[in-house]
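The values are calculated or read from the model by the stated rules, or taken from the named source; none is laboratory data. As the structure is a computational prediction, the values presented were derived from the model and not from experiment. Accessible surface areas use protein heavy atoms only, side chains included; no ligands, DNA or RNA. Shrake-Rupley method; radii C 1.70, N 1.55, O 1.52, S 1.80 Å.
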Amino acid sequence: RRRRPDHRHVMTADPPRRHHPWVMLWPLALAQMTSWGTLYFSFPLITSAMQRELGWSQTATNAALTCGLLVTGVAAYPIGIVLDRQGGRLPMTLGSLGSGLLLLLWPQVHALPWFFLLWIGLGACMAGCLMEPLLAVLNQVFGSEARRAIIASTMIIGLAGTVYVPAIGY
């Protein structure tokens, strides 16, 4: 019950939800598919060409990816705190935007130290936009229906290799 200025009691309904949770699931799943396809599946396809062109070893390029994945793991804890306190909108948005900007910079990298820095930055961004934040958001939003949402989104995300490996290879 809420009081009007004239102090009469009026029953008001809770504010309506902006959308049904399943409506938000599909854009999130497609964004995840794009993130996995561009951030993860692109690596071996692009770095093999970089190794040939720039004379870098496979060990060196894989070490850059490993550094990025270590940063992803380290950044997971603080990002998890943000997810618990504020939800997933900020970390997932910043992670996606940051990843997109760094992917645009990738072709400009011609020195191995810069390649390592690129992947350290991508690692921080991946902690905010890949599967772990998605799972936290789905659990928060769907509650007892989270299992169904996770299965549905995983089916879409699983197409990342099917869609992006040929596209990037082309």
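Overview of values
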quantity: Chain lengthening between Arg89 and Met131 when straightened (0.36 nm per residue, less Cα-Cα); calculated: 13.7 nm
quantity: Cα-Cα pairs of the stretch 38-81 separated by more than 14 Å (percent); calculated: 57 percent
quantity: Degrees separating the helix 89-105 axis from the principal Cα axis of the chain, which is the longest one; calculated: 20 degrees
quantity: Gyration tensor (alpha-carbon) shape descriptor, the stretch 69-124, a/c threshold 1.5; calculated: oblate
quantity: The chain - mean residue ellipticity at 222 nm from DSSP helices (-39,500 (n - 2.57) per run, n ≥ 4, rounded to 500); calculated: -24500 deg cm²/dmol
quantity: Principal-axis tilt of helix 131-142 within the chain, Cα atoms, nearest 10 degrees; calculated: 10 degrees
quantity: Mean projection area, nm², convex hull over Cα of the chain; calculated: 12.9 nm²
quantity: Pairwise centroid distance, computed over Cα atoms, of the stretch 42-82 with the stretch 99-129, Å; calculated: 8 Å
quantity: Accessible area, probe 1.4 Å, largest first, for residues Trp119, Trp26, Trp36; calculated: Trp26, Trp36, Trp119
